[in-house]
Amino acid sequence: MTQQSTAGSDQAAHDRAASDQAERVWAAMRELTSGYPSKAALREALNLGRGSGRVKALLWLAAGPLSLSGLAEAVGVDAPYATLIVDALEERGLVERRLDPADRRRKLVSLTAAGADAVARVSRIQRQPPPAFAALSPAELATLEELLSRLLGKPAGP
């Protein structure tokens, strides 16, 4: 084996190891973020019953009113299911339907004051770190923050 082919195989092994490590780290991050806070905790805090579509709908509506079809697309459900979600949220006083001033054949769904309060509760719950973060030192948290900021292309810090 030539020196050049040995260097090439060493580089390929290094690249595979780095790729495997990146996949493990990414899988761990996804597991951490997808499992906390639990969908059940969010539904319970808002008394929304089963299904995470209601929480997703509230979060999307926080950005502004949407048509039923726009909400269905945003939440990733079909239009009939979006109607059921809106019906359930409307029964709880969290959203309301109004005529679209730009197209009176269409209705827009928007948050009520109670819906905005519910979104604020969800945001507070989502900002709470998983309990495992308490085991990290301030230095470890600073390192994690710096690394995540680099990955996101944002400056670190408050």
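Which one is farthest from residue 50 (Cα to Cα), of the residues in region 73-89 that are surrounded by 15 or more Cβ atoms within 10 Å (Cβ to Cβ) and of a type in the set (Gly, Ala, Ser)?
The selected residue is 74.
Restricting attention to region 14-50, and to residues there that are of a type in the set (Ser, Thr, Tyr) and not in a helix (DSSP H, G or I), which single residue is nearest to residue 114 (Cα to Cα)? Reasoning before the result, please.
As a first pass, look at region 14-50 and keep what is of a type in the set (Ser, Thr, Tyr): 19, 33-34, 36, 38.
Of the ones still in play, those that are also not in a helix (DSSP H, G or I) are 36, 38.
On the way: 36: 24, 38: 22 Å.
Per the stated criteria, the residue is 38.
Give 97, 92, 54, 43 a once-over and let me know the one that is modelled with pLDDT under 95 and in contact with a Ser or Thr (Cβ under 9 Å, 6 or more places away or on another chain).
Details: 97 fails: modelled with pLDDT under 95; 92 fails: in contact with a Ser or Thr (Cβ under 9 Å, 6 or more places away or on another chain); 54 fails: in contact with a Ser or Thr (Cβ under 9 Å, 6 or more places away or on another chain).
Answer to the selection: 43.
Report, by residue number, each residue of region 90-113 that is under 19 Å from residue 44 (Cβ atoms) and surrounded by 13 or more Cβ atoms within 10 Å (Cβ to Cβ). Can you show your working first?
Residues of region 90-113 under 19 Å from residue 44 (Cβ atoms): 91-94.
Of everything in region 90-113, those that are under 19 Å from residue 44 (Cβ atoms) and surrounded by 13 or more Cβ atoms within 10 Å (Cβ to Cβ) turn out to be 92, 94.
The values are calculated or read from the model by the stated rules, or taken from the named source; none is laboratory data. Because the structure is a prediction, the values reported are computed rather than measured. Every residue, glycine among them, receives a Cβ derived from its backbone with ideal geometry; neighbour counts consider all protein chains shown.
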